[in-house]
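The structure under discussion appears below in the form of structure tokens.
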Amino acid sequence: MIRKLEKFLNSVYGIEASLIKLSGYDDLNFLVKVDHKPVYVLKLSQGVPIAFFEAQQKIFRILDNLDDYLFPRNVADKDGNPFHRYDDSYIARLLNYIPGKFIAEIPKNKSLLDSFGRFLARMDKALFDHHDPLVESRYNPWDIRNFPEIRNKITQISDPHLKKLIHYCLVQYDLKVKPELPDLRRSIIHNDANDWNVLADGEKIIGIIDFGDLAYTYTINELAIACTYMAMDSKDPVSAILPLIQGYHQVLPLMEKEISILYYLIAARLGISLTMSFLTKKKDPGNQYVGIHEEMASHLMEQWFAIHPQRAEDCFRQACEWASTGKRETAGFAVKRKKFFSKALSLSYERPIVMDKAAFQYMYGDYDKTFVDCVNNIMHVGHAHPEVVEAGQRQMAILNTNTRYYYDSLSNYAEKLLDYFPKKLNKVFFVNSGSAASDLAVRLARNYTQRKDLIVMEYGYHGNTTTGIEISHYKFGGKGGSGAEKHIHVAPIPDTYRGRYKEDDPEVAEKYAGDIDPFLSHKIAAFICEPIVGCGGQILLPDGYLKLVYEKVRRAGGTCIVDEVQTGFGRVGSHFWAFEMYDVLPDIVILGKPMGNGHPLGAVVCTEEIATAFENGMEFFSSFGGNPVSCEIGIAVLKVIESERLQAHAGEIGNFLLEQFNSLKKRHSLIGDVRGTGLFFGIELISDQNTLTPATSQAYHLINEMKSLGFLLSTDGPYNQVIKFKPPMCFSKKNALSMIQAFDNLLPSL
Ligand code: PMP
């Protein structure tokens, strides 16, 4: 092909030259050397109308007036034509060669970025009043304005993580960018100022090539695109692009509205870039140029959502020398809190956080801070997960009713949920909270057995209803509690670290199970416990314990209830339900928290016999339980757990963390015990290895210090001596490493 093209150049342009193939996205590009020096670039394009090249030519002429910069110019052939057909299917154009280095190839410093900003602004200013019907009517998928169209393409993305991030960008674009669009400036822009199109001489920008993406769009998109590429490969992507914004603003002043959406426009451009490269690679696996930014773009996307959008906006505003948007005072919250609420509602941390927004494992609060959420297991598949958000939005706009009617969502959800259970557990009641579920579970057990007494777990917690408190030793046995009622029997917690029988006792399970023997002479309706006792300090039950207890309870005519509110839905990694770790089959299972990813959703799953016995004439009805919106959200949560392989991910990260926490334990005597599985851990702090004195104040101090380092954790256990770790399931290995590092740094100072 090269030989043929060289002949073509000779016959049509009268140029004696040698060609070298260059890379390109759509066009075929060749460097044209005359006397061994680069003089032109030959471009062969397919499927682009000549009229578009004419439009480009008009733009080149306008830009030619910018004396300090170089832009492409069409070189006419021997007959004065700027364009030529080549081989029937191509249009050939010869452009002047612009010297300099691509900014992708040089270190990006302040002065280069400032020069880049000024250059872009000069170009945009020059084109600001130029109109061209063809450019204005042309559809360009790379135009950020067309980002919403990406929605139709993301279903083809097979990487669930990437798909999730792009989907999130789409949801945020609708929410944050769309409402501002009517007030924004529009003009023709270059629309692809990426670092392989922009040329510099030293620290000064000298020109730009490739006007193939010209678009009539929101002027700010020009800057947003440049920012996207300049933010890549940087530790602090927001700070990295400030000189670019500043330089641009000095020449073509930005509007506050434009700056207010810049964060989301950058996310949108990343979304477009990643989708396009994914899809092009799928179609054309050999195309090297396509993936040129892919790795850096996906890394930036990860980094981007760890940045509070408010922090980004404020930094961008500073670059424009505008005042910050203004911090909200926490004092106002404290006053209203006191005015409207009882002190029985507690707050986390010495200085409570004002929360603004959250994405996946990140929470944005206290005006401009980002916190890694290491404790909110309710947000199971991640905060604001786009599939869950949209499932709710969609169904809310279609139908919301109750279980007194037939509708697909209810049975669909029931079928999907029950699929995760052993066959014997085949009936479900939907409610709106873990508390409502545990309340109902007790009713079901009492109704089935026609008995009242219950064996509950020491430090167990099951809910805030009257029954919930009655069965939660953590509450009735704790501060303000009035002790166990007559019919409630408390099984000592089988804590193999702090309890009476220790881990190394070969009969530890038998001994703890034996503790319930005295209660079996009562008419026991049920034994209820969590498979890992959360409020007890994340206590895993010793191997064989639950099996023995279930046998004893059943022999005595009782039922077995397991509370999976904290531990269910794959969190423990090895199994979908934590009870499965112990090889037991409960009669009744309580579900809540993660089930709706923050939407109030709870359920009781039980055996056929228990459900049938409940058909005693008294109707069971929950106004909200099982409504179509809740069901669609529940289905979306299950779908995401599967598509993102979150259970396996919990297992992998959990194993890694177990190693890391154990190595911390070797180095820090404050750590007495590390226990957990998957993404459910307890780190017990002690101040004396011999007496196991609980390090309560150190634990409190630790979570407050970790908060200031950007990690949200909580304490629990009988002395609030245990650090609880139970993050959204998308918590990454990188998050794990930085959290461990923070622990490592802090522990010696406590
Ligand atoms: N069971 C357990 C094990 C829980 O942790 C909780 C809540 N912390 C509940 C039940 C009650 O759930 P909810 O707060 O949704 O009523």
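The values are calculated or read from the model by the stated rules, or taken from the named source; none is laboratory data. Because the structure is predicted, anything quoted here is derived from the model rather than measured. Using ideal geometry, Cβ is built from the backbone for each residue, glycine included, and neighbour counts are taken over all protein chains shown. Areas reflect the complete protein model, heavy atoms only, side chains present, ligands, DNA and RNA absent. Shrake-Rupley method; radii C 1.70, N 1.55, O 1.52, S 1.80 Å.
Some observations on this one:
- Restricting attention to region 222-252 and to residues that are open to solvent by 40 Å² or more (accessible area, probe 1.4 Å) and touching a residue at least 40 places away in the same chain (Cβ under 8 Å), the residue that is farthest from L165 (Cα to Cα) turns out to be Q250.
- Test set (1) open to solvent by less than 40 Å² (accessible area, probe 1.4 Å); (2) of a type in the set (A, V, I, L, M); (3) assigned to a loop (DSSP other than H, G, I, E, B) - L5 fails condition number: (3)
- Lone qualifier among E619, E632, E615, E609 - being out of contact with any strand residue (DSSP E or B) (no Cβ under 9 Å at 6 or more places or on another chain), more than 16 Å from the ligand (Cβ to nearest atom) and modelled with pLDDT under 95: E619
- Checking each residue in region 25-44 for being surrounded by 18 or more Cβ atoms within 10 Å (Cβ to Cβ) and touching a residue at least 60 places away in the same chain (Cβ under 8 Å) picks out Y25, D27, L28, V32, V41.
- Subset of region 561-576 that is within 13 Å of the ligand (Cβ to nearest atom) and over 14 Å from G634 (Cβ atoms) - its residue that is nearest to the chain's Cα centre (by Cα): R571
- Only one of N662, N690, N704 that is part of a loop (DSSP other than H, G, I, E, B), outside the structural domain of D543 (by TED's automatic domain parsing) and surrounded by fewer than 21 Cβ atoms within 10 Å (Cβ to Cβ): N690
- Candidates G634, G626, filtered to the one that is under 32 Å from the mean Cα position of the chain (by Cα) and either on the phi > 0 side of the Ramachandran plot or assigned by TED's automatic domain parsing to the domain that holds I588 (or both): G626
- Of the strands (runs of 3 or more DSSP E) lying entirely inside region 256-375, those containing at least 3 residues that are crowded, with 18+ Cβ neighbours inside 10 Å are 362-365, 369-373.
- Scan of region 431-487 for residues that are open to solvent by less than 10 Å² (accessible area, probe 1.4 Å), away from the ligand (no atom under 15 Å from the Cβ) and assigned to a strand (DSSP E or B), ordered by number: I455
- Residue ID - farthest from L657 (Cα to Cα), chosen from residues in region 535-592 that are assigned to a loop (DSSP other than H, G, I, E, B) and acidic (D, E): D587
- Among the numbered conditions (1) more than 23 Å from I166 (Cα to Cα); (2) open to solvent by less than 40 Å² (accessible area, probe 1.4 Å), the only one that A397 does not meet is (2).
- Residues considered: G598, G557. Of these, the only one that is among the small types (G, A, S) and within 16 Å of the ligand (Cβ to nearest atom) is G598.
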